[in-house]
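S.K.: Pasting a structure below so you can have a look.
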Amino acid sequence: MSACFITSTGTDLGKTFVTAGLVRTLRMQGRGVTALKPVVSGFDPENPTGSDPAVLIEAAGGHATLPAIDVISPFRFHAPLSPDMAARAEGRVLDFEKVIAFCRSAETKSEPSEVLLIEGVGGIMVPLDERHTVLDWMVALGHPLVLVAGSYLGAISHILSALDVLERRGLTLLALVISETLPSSVPLEDTLSTLRSFAKIPIITLRRQVPQTVTDADFIHLASLITGS
């Protein structure tokens with residue numbers, strides 16, 4: 001089994017877009033693939049088809065019903081806040097050990113030839129409860145990562161800080177995906193040029209002005225980094 005954790009420097013930067021693109025690409029290649037988004041904030045049960053889990057289910061060829069969402073996203077909260085705050089607003093606590101156990105269970109159910117994609121929530125330091133962050137989640141699982149980030153003013157510092165933290169915690173980063181931020185006072189090419197000087201890993205760019213520039217080749221490349229083929 002090949003596994004990868006899709007994380008980010010922040011929220012609404014394209015984690016679900018990247019994960020769904022990988023699901024479609026791997027299916028096109030004839031591979032079995034399971035995509036999970038275990039923890040979700042901002043979930044509206046009255047509109048499940050508008051949620052991030054729905055995007056992943058539909059990318060896998062399924063129908064985004066609530067039972068189907070239960071399978072890949074069991075820890076859901078209504079408020080669009082960090083999971084610790086969203087859970088508190090409902091009088092609940094997100095059980096970190098149950099999140100890890102859920103992911104481990106998916107690993108044991110996967111065939112050796114299959115790919116398991118786990119999409120995180122928010123950025124790498126988002127609190128899950130009073131003691132654990134997404135970073136702790138990633139360390140506990142130990143899977144290679146894809147980091148999704150923006151190109152806004154200040155993004156370079158956020159990205160390099162994230163890369164440093166991930167390296168210090170012994171995590172393997174397969175690729176950096178830069179999701180273009182619009183509007184931005186910083187030219188995208190300048191951001192990419194600087195990042196290439198510091199980040200010695202593959203960098204893939206999602207250009208918002210021309211969505212079609214996110215080609216099958218980009219996702220095929222990213223998928224190959226995950227599967228090692």
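The values are calculated or read from the model by the stated rules, or taken from the named source; none is laboratory data. Computed from a predicted model, the values in this text were never measured in an experiment. A quick note on method: Cβ atoms are made from the backbone with ideal geometry, for glycine too, and the neighbour counts reach across all protein chains shown.
S.K.: Within segment 127-139, which residues are without any contact (Cβ under 8 Å) to a residue 60 or more places away in the chain and outside any helix (DSSP H, G or I)?
M.R.: Passing the criteria: 127, 129, 130, 131, 132, 133.
S.K.: Where residues in segment 14-50 are free of Cβ contacts under 8 Å to residues at least 12 places away in the same chain and within 27 Å of residue 88 (Cα to Cα), which of them is nearest to the chain's Cα centre (by Cα)?
M.R.: Residue satisfying both the conditions and the ranking: 50.
S.K.: If you go through segment 15-38 one residue at a time, do you hit one that is at pLDDT 95 or above and closer than 17 Å to residue 78 by Cβ?
M.R.: yes
S.K.: Sticking with this structure for a sec: Conditions first: (1) outside any helix (DSSP H, G or I); (2) buried (at least 24 other Cβ atoms within 10 Å of the Cβ). Residue 10 passes all but one, so which condition is the exception?
M.R.: Residue 10 satisfies every listed condition except (2).
S.K.: Anything in segment 193-209 that is in a helix (DSSP H, G or I) and buried (at least 17 other Cβ atoms within 10 Å of the Cβ)? List them, or say none. Give the steps one after another, and end with the answer.
M.R.: Within segment 193-209, the first condition is being in a helix (DSSP H, G or I), and the residues that meet it are 193-198.
Listed by number, the list holds a single entry, 195.
S.K.: Within segment 84-122, which residues are in contact with a helix residue (DSSP H, G or I) (Cβ under 7 Å, 6 or more places away or on another chain), in contact (Cβ under 8 Å) with a residue 60 or more places away in the chain and under 25 Å from residue 10 (Cβ atoms)?
M.R.: Within segment 84-122, the first condition is being in contact with a helix residue (DSSP H, G or I) (Cβ under 7 Å, 6 or more places away or on another chain), and the residues that meet it are 93-94, 99-100, 103, 115-122.
Cutting the leftovers down to in contact (Cβ under 8 Å) with a residue 60 or more places away in the chain gives us 99, 103, 115-122.
Scanning segment 84-122 gives 99, 103, 116, 117, 118, 119, 120, 121, 122.
S.K.: Checking the condition modelled with pLDDT under 95, loosely packed, with under 13 Cβ neighbours inside 10 Å, out of contact with any strand residue (DSSP E or B) (no Cβ under 6 Å at 6 or more places or on another chain) and acidic (Asp, Glu), which residue from 90, 111, 130, 97 passes? Even if it seems obvious, please write down each step before you answer.
M.R.: Details: 90 fails: modelled with pLDDT under 95; 130 fails: modelled with pLDDT under 95; 97 fails: modelled with pLDDT under 95.
Residue meeting the stated conditions: 111.
S.K.: Could I ask something else about it? Mind listing just one residue for me: the one in segment 140-160 that is in contact (Cβ under 8 Å) with a residue 60 or more places away in the chain and within 21 Å of residue 207 (Cβ to Cβ) and, of those, surrounded by the fewest Cβ atoms within 10 Å (Cβ to Cβ)? Steps first, answer last, please.
M.R.: Here is the first cut: in segment 140-160, the residues in contact (Cβ under 8 Å) with a residue 60 or more places away in the chain are 141, 143-150, 155, 158-159.
Subsequent filtering for residues that are within 21 Å of residue 207 (Cβ to Cβ) retains 146-150, 155, 158-159.
Values: 146: 26, 147: 27, 148: 27, 149: 28, 150: 23, 155: 21, 158: 17, 159: 23.
Only one residue tops the list, namely 158.
S.K.: Residues that are farther than 22 Å from residue 25 by Cβ and among the aromatic types (Phe, Trp, Tyr): list the helices (runs of 4 or more DSSP H) wholly contained in segment 46-112 that include at least 1 such residues.
M.R.: 96-109
S.K.: Within segment 161-190, track down each residue that is assigned to a helix (DSSP H, G or I) and surrounded by fewer than 16 Cβ atoms within 10 Å (Cβ to Cβ). Before you say what the answer is, go through the steps one by one.
M.R.: First pass over segment 161-190, keeping only residues assigned to a helix (DSSP H, G or I): 161-168, 188-190.
Hits for segment 161-190 are 161, 164, 165, 167, 168, 189, 190.
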